[in-house]
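Quick notes on the structure that follows.
The values are calculated or read from the model by the stated rules, or taken from the named source; none is laboratory data. This is a predicted model, so every value here is computed, not measured. FYI the Cβ positions are ideal-geometry reconstructions off the backbone, even for glycines, and counts take in every protein chain you see. Surface areas here come from the heavy atoms of the whole protein model, side chains and all, with no ligands, DNA or RNA. Shrake-Rupley method; radii C 1.70, N 1.55, O 1.52, S 1.80 Å.
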Amino acid sequence: MKTTIHPQYRPVVFRDRGAEYAFLTRSTAETDRTIEWTDGRTYPVVDVDVSSASHPFYTGRRQVLDSTGAVERFNRRYRRG
């Protein structure tokens, strides 16, 4: 494997701030920020918008995606039949 063309594969913390959830895994994700993990070591941290702790599919909570009625207006405008 050429060392100059592949990204560095290392431990990285992924953090979902909305759910106050973080996990340590290995990744090639690039980031300049770091965090001190529970083992006392400092790791790069990547903030994510959605994780399994906050996604409605995994949590069972539903979210309203169409609060403006755009789907209903589309259906009225392009009603078939």
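Here are some notes:
- Cβ separations smaller than 9 Å between residues 6+ apart or across chains give the following pairs from the range 26-40 residues that are within 12 Å of Arg15 (Cα to Cα) and in contact (Cβ under 8 Å) with a residue 12 or more places away in the chain to residues that are open to solvent by 60 Å² or more (accessible area, probe 1.4 Å) and aliphatic (A, V, I, L, M): Trp37/Leu24.
- Inside the range 6-38, residues that are assigned to a loop (DSSP other than H, G, I, E, B), surrounded by fewer than 10 Cβ atoms within 10 Å (Cβ to Cβ) and charged (D, E, K, R) make up a count of 2.
- Selected residue (criterion: modelled with the highest pLDDT) from residues of the range 40-78 that are in a loop (DSSP other than H, G, I, E, B) and among the basic types (Lys, Arg): Arg41
- Subset tally (residues that are open to solvent by 50 Å² or more (accessible area, probe 1.4 Å) and either polar (S, T, N, Q) or touching a Leu at 6+ places or on another chain (Cβ under 9 Å) (or both)) for the range 39-57: 3
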